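This report concerns only the one structure given below.
The values are calculated or read from the model by the stated rules, or taken from the named source; none is laboratory data. Keep in mind that this is a model prediction, so the values were computed, not measured. A quick note on method: Cβ atoms are made from the backbone with ideal geometry, for glycine too, and the neighbour counts reach across all protein chains shown.
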Ligand SMILES: [Fe+2]
Ligand SMILES: [Fe+2]
């Protein structure tokens, strides 16, 4: 049964004003060319984008939600990574 | 072991109560997964089968403008089906299996599409009423608890409002036209009004799964609540068009600030659900025919991709 199913692809689109490609969904296609053509038809019917990336879903590796706490913890207590941590004298401009 | 399961379930519910989206890799109760797969795939099937009644009029649209619009709308519905099938696949359902279930009759789709589209006014009525009802059903689902489903619904809803407006515009044009055109619009409304009210599903008292679905936030209003909203929304629009809603019991109720309306013919509803509607056999037949006649294309594309991949491999070696 799965033999006849085309592989699954994840679709990323960059809008005209967008700086990055955003995940918009997935679709089935036999190969990359068809995946891009299908993505054009399925996800950009109203000029939602001017650039499309597709990647076969099996190549996407994701972080594990169960590890989220331990994984992102280290960034939690490093407030000094943000500019607001520092006090700049009022008389100093342009900083 | 059992306490672990209970804890997971409590944590899961707590996340939902806090309006945190559930994502594909998150733990979820089996029943949540199963219910969602059923709900999302049924919805996807409805989009797919929903192309057929309108596809019926593409070649007979009264002008090039109307033809282009109808073609776009039907194409959107195909897109909606695809967004939703993809969302269901993130839960582990396979596309082939979902389609097989549709074709075998195991899976259901909205019974509204088992009614025939007999005149051009039906294109107006379907867009105005049927897409209008779909919007009411779908807008709350943009905030549903399952992330991929919610995101698919956001896209769907954005596109639906054009569907409803083009339908209303067809109705308005007919109602402002010759008496024969207006009669055609009225006749279509007469046929579609009650089946559209059935789109919201059985009465709350006969909908035992509603409570659990509301708790999981994969449903955010009950069937009867949505039906009431729909009537309240549509009656003034029908009045604007100068059309009569075919319900003698319809009456404004000052106390509840809404309309009272007659009871749906539930026998007809269950009959259509069971497969005995006017077009059930036609619709399913058309779906199966399209699927079977497209089989060689799917196989050839796969064979072609495989051949090219192999060629690329030997060239690299
Ligand atoms: Fe749709
Ligand atoms: Fe629609």
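A few remarks follow.
- Per-region count, the range B:202-222, residues within 12 Å of residue B:136 (Cβ to Cβ) and crowded, with 20+ Cβ neighbours inside 10 Å: 0
- Per the conditions (1) within 14 Å of another protein chain (Cβ to nearest Cβ); (2) under 21 Å from the mean Cα position of the chain (by Cα); (3) at pLDDT below 95, the sole criterion not satisfied by residue A:56 is (3).
- Condition check for residue B:10: assigned to a helix (DSSP H, G or I), more than 11 Å from every other protein chain (Cβ to nearest Cβ) and within 16 Å of ligand 2 (Cβ to nearest atom): no
- Yes/no for residue B:71 being over 27 Å from residue A:10 (Cβ atoms) and more than 16 Å from ligand 1 (Cβ to nearest atom): no
- Taking the range B:113-193 as the region of interest, the helices (runs of 4 or more DSSP H) fully inside it that hold 2 or more residues being away from ligand 2 (no atom under 12 Å from the Cβ) and either under 19 Å from the mean Cα position of the chain (by Cα) or touching a residue at least 12 places away in the same chain (Cβ under 8 Å) (or both) are B:121-125, B:147-175.
- If you go through the range B:102-112 and keep only what is part of a loop (DSSP other than H, G, I, E, B), more than 16 Å from ligand 1 (Cβ to nearest atom) and in contact (Cβ under 8 Å) with a residue 12 or more places away in the chain, you end up with B:105, B:107, B:108.
- Of the residues screened, residue B:315 is one that is at pLDDT below 95 and away from chain A (no Cβ under 14 Å).
- In the set B:127, B:147, only one residue is in contact with a strand residue (DSSP E or B) (Cβ under 7 Å, 6 or more places away or on another chain) and at pLDDT 95 or above; that residue is B:147.
- Unique match (being surrounded by 17 or more Cβ atoms within 10 Å (Cβ to Cβ), out of contact with any helix residue (DSSP H, G or I) (no Cβ under 7 Å at 6 or more places or on another chain) and within 12 Å of chain B (Cβ to nearest Cβ)) among A:35, A:30: A:35
- Residue in the range B:207-229 that is out of contact with any helix residue (DSSP H, G or I) (no Cβ under 9 Å at 6 or more places or on another chain), within 27 Å of residue B:121 (Cβ to Cβ) and either away from ligand 2 (no atom under 16 Å from the Cβ) or modelled with pLDDT of 95 or more (or both) present: yes
- For residue A:48, the conditions (1) within 24 Å of residue B:98 (Cα to Cα); (2) modelled with pLDDT under 90; (3) more than 8 Å from chain B (Cβ to nearest Cβ) are fulfilled apart from (1).
- Of the residues making up the range B:33-50, just one is surrounded by 23 or more Cβ atoms within 10 Å (Cβ to Cβ) and farther than 20 Å from residue B:287 by Cα, namely B:36.
- Verdict on residue B:96 being away from ligand 1 (no atom under 16 Å from the Cβ), within 14 Å of chain A (Cβ to nearest Cβ), in contact with a helix residue (DSSP H, G or I) (Cβ under 6 Å, 6 or more places away or on another chain) and free of Cβ contacts under 8 Å to residues at least 60 places away in the same chain: no
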